Amino acid sequence: MPLQVLVVEDDDRIRAVLRLALEDEGYEVSEAPDSETALAHVHQAMPDLMIVDLMLGEIDGYTCIREVRRLSDIPIVVVSARSDTHDIVAGLEAGADDYVTKPFQIKEITARLRALRRRLRTGTEAAEPDVVLDGDPRRSLVLSRSRGAVRLDGTDVHLTVTEFRLLSELAQVPGRVLSRQALLASVWEHGFYGDERIVDVHIRRLRTKVERDPSQPRLIVTVRGLGYRVDPQ
(Lines give C-alpha, C1' and ligand atoms only; values in the text may rest on other atoms or scores of the structure.)
Protein backbone atom coordinates (compact mmCIF):
# COMPACT_ATOMS: atom_id res chain seq x y z
CA MET A 1 0.00 0.00 0.00
CA PRO A 2 1.37 3.46 -0.88
CA LEU A 3 2.04 5.84 2.00
CA GLN A 4 -0.52 8.60 2.46
CA VAL A 5 0.83 12.18 2.47
CA LEU A 6 -1.31 15.17 3.43
CA VAL A 7 -0.07 18.46 1.91
CA VAL A 8 -1.32 21.50 3.86
CA GLU A 9 -0.57 24.56 1.72
CA ASP A 10 -2.68 27.60 0.79
CA ASP A 11 -0.88 28.25 -2.50
CA ASP A 12 -2.66 26.26 -5.23
CA ARG A 13 0.39 26.25 -7.50
CA ILE A 14 2.72 24.88 -4.82
CA ARG A 15 0.18 22.22 -3.83
CA ALA A 16 -0.08 21.10 -7.45
CA VAL A 17 3.70 20.91 -7.84
CA LEU A 18 4.05 18.90 -4.63
CA ARG A 19 1.23 16.57 -5.60
CA LEU A 20 2.77 15.72 -8.99
CA ALA A 21 6.25 15.23 -7.51
CA LEU A 22 5.04 13.08 -4.62
CA GLU A 23 2.79 10.95 -6.82
CA ASP A 24 5.81 10.33 -9.07
CA GLU A 25 7.58 9.04 -5.92
CA GLY A 26 4.75 6.59 -5.31
CA TYR A 27 2.86 8.41 -2.55
CA GLU A 28 -0.89 8.79 -2.37
CA VAL A 29 -1.49 12.52 -1.89
CA SER A 30 -4.31 14.43 -0.23
CA GLU A 31 -4.50 18.23 -0.18
CA ALA A 32 -5.73 20.84 2.28
CA PRO A 33 -5.69 24.59 1.58
CA ASP A 34 -6.02 25.53 5.27
CA SER A 35 -5.69 24.16 8.79
CA GLU A 36 -9.42 23.58 9.25
CA THR A 37 -9.56 21.27 6.23
CA ALA A 38 -6.34 19.54 7.28
CA LEU A 39 -7.55 18.83 10.81
CA ALA A 40 -10.88 17.53 9.53
CA HIS A 41 -8.96 15.17 7.24
CA VAL A 42 -6.72 14.02 10.09
CA HIS A 43 -9.71 13.23 12.29
CA GLN A 44 -11.31 11.27 9.47
CA ALA A 45 -8.27 9.39 8.15
CA MET A 46 -4.84 9.85 9.72
CA PRO A 47 -2.16 10.15 6.99
CA ASP A 48 1.27 8.52 7.22
CA LEU A 49 3.15 11.80 6.67
CA MET A 50 2.33 15.51 6.53
CA ILE A 51 3.80 18.56 4.79
CA VAL A 52 2.62 21.78 6.44
CA ASP A 53 3.04 25.44 5.53
CA LEU A 54 3.07 27.88 8.46
CA MET A 55 1.15 30.80 6.97
CA LEU A 56 -2.33 29.36 6.56
CA GLY A 57 -4.72 32.12 7.54
CA GLU A 58 -6.97 32.12 10.58
CA ILE A 59 -5.48 28.94 12.07
CA ASP A 60 -1.75 28.99 11.34
CA GLY A 61 0.55 26.04 10.73
CA TYR A 62 1.96 26.08 14.26
CA THR A 63 -1.51 25.50 15.69
CA CYS A 64 -2.26 22.85 13.09
CA ILE A 65 0.89 20.92 14.03
CA ARG A 66 0.19 21.17 17.76
CA GLU A 67 -3.34 19.85 17.23
CA VAL A 68 -2.05 16.91 15.17
CA ARG A 69 0.52 16.15 17.86
CA ARG A 70 -2.30 15.75 20.38
CA LEU A 71 -3.57 12.86 18.25
CA SER A 72 -0.56 11.29 16.59
CA ASP A 73 3.22 11.05 16.32
CA ILE A 74 3.23 10.90 12.51
CA PRO A 75 6.21 12.57 10.80
CA ILE A 76 5.62 16.22 9.89
CA VAL A 77 7.77 18.38 7.59
CA VAL A 78 7.32 22.15 7.62
CA VAL A 79 7.72 23.87 4.24
CA SER A 80 7.66 27.63 4.75
CA ALA A 81 8.90 30.95 3.42
CA ARG A 82 9.76 31.88 7.01
CA SER A 83 13.50 31.32 7.19
CA ASP A 84 14.36 33.18 10.39
CA THR A 85 15.93 30.98 13.07
CA HIS A 86 13.15 31.95 15.48
CA ASP A 87 10.52 30.65 13.04
CA ILE A 88 12.42 27.42 12.44
CA VAL A 89 12.78 26.76 16.15
CA ALA A 90 9.10 27.62 16.76
CA GLY A 91 8.01 25.18 14.02
CA LEU A 92 10.11 22.40 15.50
CA GLU A 93 8.95 23.14 19.03
CA ALA A 94 5.35 22.94 17.83
CA GLY A 95 6.10 19.32 16.94
CA ALA A 96 7.52 19.22 13.39
CA ASP A 97 10.24 16.67 12.61
CA ASP A 98 11.96 18.70 9.89
CA TYR A 99 11.90 22.14 8.29
CA VAL A 100 12.45 23.20 4.67
CA THR A 101 12.48 26.85 3.60
CA LYS A 102 10.94 28.25 0.41
CA PRO A 103 11.94 28.45 -2.35
CA PHE A 104 12.79 24.77 -2.29
CA GLN A 105 13.95 22.09 -4.68
CA ILE A 106 11.51 19.20 -5.11
CA LYS A 107 14.43 16.79 -4.70
CA GLU A 108 15.04 18.22 -1.24
CA ILE A 109 11.44 17.57 -0.17
CA THR A 110 11.44 14.01 -1.47
CA ALA A 111 14.82 13.34 0.18
CA ARG A 112 13.46 14.51 3.54
CA LEU A 113 10.41 12.27 3.18
CA ARG A 114 12.55 9.26 2.21
CA ALA A 115 14.63 9.81 5.35
CA LEU A 116 11.47 9.96 7.46
CA ARG A 117 10.23 6.75 5.83
CA ARG A 118 13.46 5.01 6.84
CA ARG A 119 12.97 6.28 10.39
CA LEU A 120 9.46 4.80 10.39
CA ARG A 121 11.01 1.37 9.80
CA THR A 122 13.33 1.67 12.82
CA GLY A 123 12.86 -1.27 15.15
CA THR A 124 11.07 -3.55 12.68
CA GLU A 125 14.06 -5.71 11.78
CA ALA A 126 16.11 -7.97 14.07
CA ALA A 127 15.22 -8.02 17.75
CA GLU A 128 17.60 -6.20 20.08
CA PRO A 129 17.73 -6.37 23.87
CA ASP A 130 15.89 -3.64 25.72
CA VAL A 131 17.94 -0.85 27.29
CA VAL A 132 17.15 0.30 30.83
CA LEU A 133 17.66 4.06 30.88
CA ASP A 134 16.32 4.63 34.39
CA GLY A 135 16.26 1.76 36.86
CA ASP A 136 14.28 3.57 39.55
CA PRO A 137 11.44 1.12 40.36
CA ARG A 138 9.12 4.10 40.91
CA ARG A 139 9.57 5.36 37.32
CA SER A 140 11.47 2.76 35.29
CA LEU A 141 12.35 3.96 31.79
CA VAL A 142 13.08 1.30 29.16
CA LEU A 143 14.03 1.74 25.49
CA SER A 144 12.97 -1.10 23.19
CA ARG A 145 14.50 -0.60 19.75
CA SER A 146 12.95 -3.81 18.42
CA ARG A 147 9.45 -2.58 19.37
CA GLY A 148 10.19 1.01 18.42
CA ALA A 149 8.96 2.11 21.82
CA VAL A 150 9.96 3.70 25.11
CA ARG A 151 8.09 2.69 28.26
CA LEU A 152 7.88 4.77 31.42
CA ASP A 153 6.69 2.78 34.43
CA GLY A 154 5.11 0.26 32.06
CA THR A 155 3.32 2.80 29.88
CA ASP A 156 4.39 3.77 26.35
CA VAL A 157 5.85 7.27 26.02
CA HIS A 158 4.58 9.00 22.89
CA LEU A 159 7.73 10.01 21.00
CA THR A 160 7.89 11.19 17.42
CA VAL A 161 10.03 9.08 15.09
CA THR A 162 12.75 11.74 15.26
CA GLU A 163 12.72 11.82 19.06
CA PHE A 164 12.87 8.02 19.17
CA ARG A 165 15.78 7.86 16.73
CA LEU A 166 17.62 10.59 18.64
CA LEU A 167 17.27 8.75 21.96
CA SER A 168 18.24 5.45 20.30
CA GLU A 169 21.42 6.89 18.82
CA LEU A 170 22.51 8.32 22.17
CA ALA A 171 21.55 5.16 24.08
CA GLN A 172 23.66 2.98 21.77
CA VAL A 173 26.80 4.58 23.21
CA PRO A 174 25.98 5.38 26.86
CA GLY A 175 28.44 7.78 28.47
CA ARG A 176 29.88 8.81 25.12
CA VAL A 177 29.42 12.33 23.73
CA LEU A 178 27.87 12.66 20.28
CA SER A 179 28.24 15.98 18.48
CA ARG A 180 25.32 17.75 16.88
CA GLN A 181 26.82 17.05 13.46
CA ALA A 182 27.10 13.33 14.26
CA LEU A 183 23.46 13.27 15.36
CA LEU A 184 22.36 15.15 12.25
CA ALA A 185 24.17 12.62 10.07
CA SER A 186 22.76 9.56 11.84
CA VAL A 187 19.24 10.70 12.73
CA TRP A 188 18.34 13.09 9.91
CA GLU A 189 20.57 11.18 7.43
CA HIS A 190 20.40 13.79 4.69
CA GLY A 191 21.72 16.41 7.07
CA PHE A 192 20.10 19.70 7.89
CA TYR A 193 21.11 22.70 5.87
CA GLY A 194 22.01 25.69 7.98
CA ASP A 195 21.29 25.33 11.67
CA GLU A 196 22.46 22.67 14.10
CA ARG A 197 19.98 23.97 16.65
CA ILE A 198 17.42 21.59 15.19
CA VAL A 199 19.11 19.02 17.44
CA ASP A 200 18.80 21.26 20.51
CA VAL A 201 15.07 21.75 19.91
CA HIS A 202 14.41 18.01 19.65
CA ILE A 203 16.56 17.30 22.71
CA ARG A 204 14.55 19.87 24.64
CA ARG A 205 11.28 18.21 23.61
CA LEU A 206 12.66 14.76 24.37
CA ARG A 207 13.72 15.78 27.88
CA THR A 208 10.17 16.87 28.74
CA LYS A 209 9.07 13.29 28.08
CA VAL A 210 11.83 11.16 29.63
CA GLU A 211 13.64 13.17 32.31
CA ARG A 212 12.67 13.09 36.00
CA ASP A 213 13.13 16.87 36.04
CA PRO A 214 13.50 18.38 32.54
CA SER A 215 14.84 21.62 34.04
CA GLN A 216 17.74 19.67 35.56
CA PRO A 217 18.41 16.86 33.07
CA ARG A 218 20.42 13.89 34.31
CA LEU A 219 19.66 11.30 31.63
CA ILE A 220 20.38 13.35 28.49
CA VAL A 221 23.33 15.52 29.43
CA THR A 222 24.63 18.56 27.55
CA VAL A 223 28.41 18.65 27.21
CA ARG A 224 29.10 22.28 26.50
CA GLY A 225 30.89 22.88 23.23
CA LEU A 226 30.80 19.19 22.26
CA GLY A 227 27.28 17.79 22.13
CA TYR A 228 25.13 15.36 24.14
CA ARG A 229 25.46 12.05 25.93
CA VAL A 230 23.12 9.62 27.70
CA ASP A 231 23.90 8.68 31.30
CA PRO A 232 21.59 5.81 32.33
CA GLN A 233 20.25 6.31 35.84
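The values are calculated or read from the model by the stated rules, or taken from the named source; none is laboratory data. As the structure is a prediction and not an experimental result, all values here were calculated from the model. Note that each Cβ is placed from the backbone with ideal geometry, even for glycine, and that neighbours are counted across all protein chains shown. We work out accessible area using only protein heavy atoms, side chains counted, and drop any ligands, DNA or RNA first. Shrake-Rupley method; radii C 1.70, N 1.55, O 1.52, S 1.80 Å.
So the values come out like this:
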| quantity | calculated |
| --- | --- |
| Rounded, prolate or oblate (a/c below 1.5 giving rounded, otherwise prolate when a/b exceeds b/c) for the stretch 1-67 by Cα gyration tensor | oblate |
| Cβ crowding within 10 Å averaged over residues, with 225-233, 211-219, 50-58 ranked highest first | 50-58, 225-233, 211-219 |
| Average accessible surface area per residue within the chain, 1.4 Å rolling probe, Å² | 47 Å² |
| Simple Cβ-charge dipole of the stretch 1-65, Lys/Arg +1 and Asp/Glu -1, about Cα centre, in debye nearest 20 | 120 debye |
| Prolate/oblate/rounded call for the stretch 1-129, Cα gyration tensor, a/c under 1.5 rounded | rounded |
| Crossing angle, helix 12-24 versus the chain [Cα axis fit, 0-90 degrees, rounded to tens] | 60 degrees |
| Pair Thr63, Ile106: separation of 7 Å Cα→Cβ label points (nm) | 3.3 nm |
| Backbone N under 17 Å from the Arg139 label point (7 Å along Cα→Cβ), restricted to the stretch 155-174 | 155-159 |
| Helix-only [θ]222 nm of the chain, DSSP H runs n ≥ 4, -39500 (n - 2.57) each, per residue, nearest 500 | -11500 deg cm²/dmol |
| Asp10-Arg70 FRET efficiency (beta carbon distance; Förster radius 22 Å; 0.05 resolution) | 0.45 |
| Charged-residue dipole, Cβ positions (Lys, Arg, Asp, Glu), the chain about Cα centre, Debye nearest 20 | 1040 debye |
| Chain lengthening between Thr155 and Arg218 when straightened (0.36 nm per residue, less Cα-Cα) | 20.6 nm |
| Heavy-atom accessible surface of the chain: percent carbon and sulfur, 1.4 Å | 49 percent |
| Nearest 10 degrees, 0 to 90: helix 35-44 Cα axis against the chain principal axis | 70 degrees |
